[in-house]
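Notes follow once the structure below has been shown.
Read-outs: derived from the displayed coordinates by stated rules, not from any lab. Please read all numbers here as calculations on a predicted model, not as lab measurements. We place every Cβ from the backbone using ideal geometry, glycine too, and count neighbours over all the protein chains shown.
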Amino acid sequence: MFHRDLDAVVRSPTPADIKQAKKNIQDGIDALDQIEKELEQTRAKLANLKQRRETVQQDIQLNRSITSNLRTIPDEILSLIFEYYVESDTQASPWVLMSVCHQWRAAAVLARRIWSKIMPRLRNLPHCAVA
């Protein structure tokens, strides 16, 4: 396809050399155009594959969450765990537990003891002076 004859580059080109060089240039341009088309097709295919991968990963994650052992723990047991959590940490908040998922929200509502120790954080209020 391409003319790589060093002798033709050093000496003055003949009309045949010029004709061949022009053909080689056009062949090179055509080859580059074809490569660009293939690259664009490959990029599109790669983007499609990445999207499919993301969809499959999300589907796997959803199914893992459905089959999680945490989802099979009865609300009464979760309530006991929540009570332990709140009693063991003075900064623990039942509101955090309620924001995890519907099941945890229902269990937190049932766990009456976790709501008996709610302490407001007065130091966060600008108009309250705490010594």
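For Ala16 and Arg64 in the same chain, what is the full-extension length gain: residue separation times 0.36 nm, less their Cα-Cα distance, in nm?
Gain in length upon complete extension: 10.3 nm.
With +1 on each Lys and Arg Cβ and -1 on each Asp and Glu Cβ, how big is the dipole of region 3-84 about its Cα centre, in debye rounded to the nearest 20?
Taking the Cα centre of region 3-84 as origin, the dipole is about 360 debye.
Loop-only trypsin sites (Lys or Arg not before Pro) in region 4-64, please: DSSP not H, G, I, E or B, and at most 16 other Cβ atoms within 10 Å.
Loop-located and lightly packed - Arg4, Arg11.
May I ask for the Rg/Rh ratio of region 27-88, computed from Cα atoms with Rh as the Kirkwood radius, given to two decimals?
1.55
Report the calculated FRET efficiency for Ile73 and Ser116 (r = Cβ-Cβ distance, R0 = 25 Å), to the nearest 0.05.
0.65
Enumerate the calculated ³J(HN,Hα) couplings along region 16-25 in order (Karplus 6.51 cos²θ - 1.76 cosθ + 1.60, θ = phi - 60°), each rounded to whole Hz, writing x wherever the residue is Gly or Pro.
Working through the residues one at a time gives 5, 5, 5, 4, 5, 5, 5, 5, 5, 5 Hz.
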